[in-house]
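Participant: Quick one: this structure, given as structure tokens, is what I'll be asking you about.
The values are calculated or read from the model by the stated rules, or taken from the named source; none is laboratory data. The structure displayed is predicted, hence computed values, not measured ones. Because the Cβ atoms are built from the backbone with ideal geometry, glycine has one as well, and the counts that use them run over all protein chains shown.
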Amino acid sequence: MELAQVRLLVTDFAACYRFYAEVLGLNPQSGASDGPYEKFSPQAGSAGIALQERTTMAATLGELGDTASGHRSLVVLRVDDLDAYCERIVARGAVLVHGPAPMTERMRVAHLKDPEGNLVELQEWLLPRA
């Protein structure tokens, strides 16, 4: 089994596209900034994050509402230098809601939200996993 992507169902596709491409600096696969779908890849790693218009999936499944309520996801991105990355993304419009701060003795984290309110956790691993 291989993780292909984490897909977020969004209502404001253009705002989320700009956030993941321009603020977080992920690479869009096709440049489909108007939707209904786009996959973003980090500089390292094999899995990516994809955005899909919520209404498209609602029509496919026949059960999702037009809007989500509450936190439905947490996107986790690992970075080499948390402080430097946070400085760059804050300069590009990101608003940190927590951190950078230690989470455990092995990692530091910072949290922010995308334009739809999805939580994004940035991790800096201080020690390799055992």
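Participant: On the given criteria, is Val10 touching a helix residue (DSSP H, G or I) at 6+ places or on another chain (Cβ under 9 Å) and in contact (Cβ under 8 Å) with a residue 24 or more places away in the chain? Outline the logic, then answer.
Facilitator: Details: touching a helix residue (DSSP H, G or I) at 6+ places or on another chain (Cβ under 9 Å): yes; in contact (Cβ under 8 Å) with a residue 24 or more places away in the chain: yes.
Yes: the conditions hold for Val10.
Participant: On to the next question. Out of (1) surrounded by 12 or more Cβ atoms within 10 Å (Cβ to Cβ); (2) at pLDDT 90 or above, the odd one out for Val75 is which?
Facilitator: (2)
Participant: Residues of the range 104-130 being out of contact with any Leu (no Cβ under 8 Å at 6 or more places or on another chain) and crowded, with 17+ Cβ neighbours inside 10 Å, which ones? Walk me through it before giving the result.
Facilitator: Going through the range 104-130, the residues out of contact with any Leu (no Cβ under 8 Å at 6 or more places or on another chain) turn out to be 104, 115, 117, 125-130.
Scanning the range 104-130 gives a single hit, Pro115.
Participant: Select, from Ala101, Ala84, the only residue that is surrounded by fewer than 17 Cβ atoms within 10 Å (Cβ to Cβ), out of contact with any Asp or Glu (no Cβ under 6 Å at 6 or more places or on another chain), part of a strand (DSSP E or B) and modelled with pLDDT of 85 or more.
Facilitator: Numbers: Ala84 fails: part of a strand (DSSP E or B).
Answer to the selection: Ala101.
Participant: Being more than 19 Å from Cys16 (Cβ to Cβ), at pLDDT below 90 and assigned to a loop (DSSP other than H, G, I, E, B) narrows it down to one residue among Gly65, Gly70, Gly45; which is it? Give the steps one after another, and end with the answer.
Facilitator: On the way: Gly65 fails: more than 19 Å from Cys16 (Cβ to Cβ); Gly70 fails: more than 19 Å from Cys16 (Cβ to Cβ).
Residue meeting the stated conditions: Gly45.
Participant: Only residues that are closer than 12 Å to Tyr20 by Cβ and in contact with a helix residue (DSSP H, G or I) (Cβ under 7 Å, 6 or more places away or on another chain): list them for the range 105-130, please.
Facilitator: To start, the set of residues in the range 105-130 that are closer than 12 Å to Tyr20 by Cβ comprises 112, 114-116, 118, 120.
Selection gives Asp114, Pro115, Glu116.
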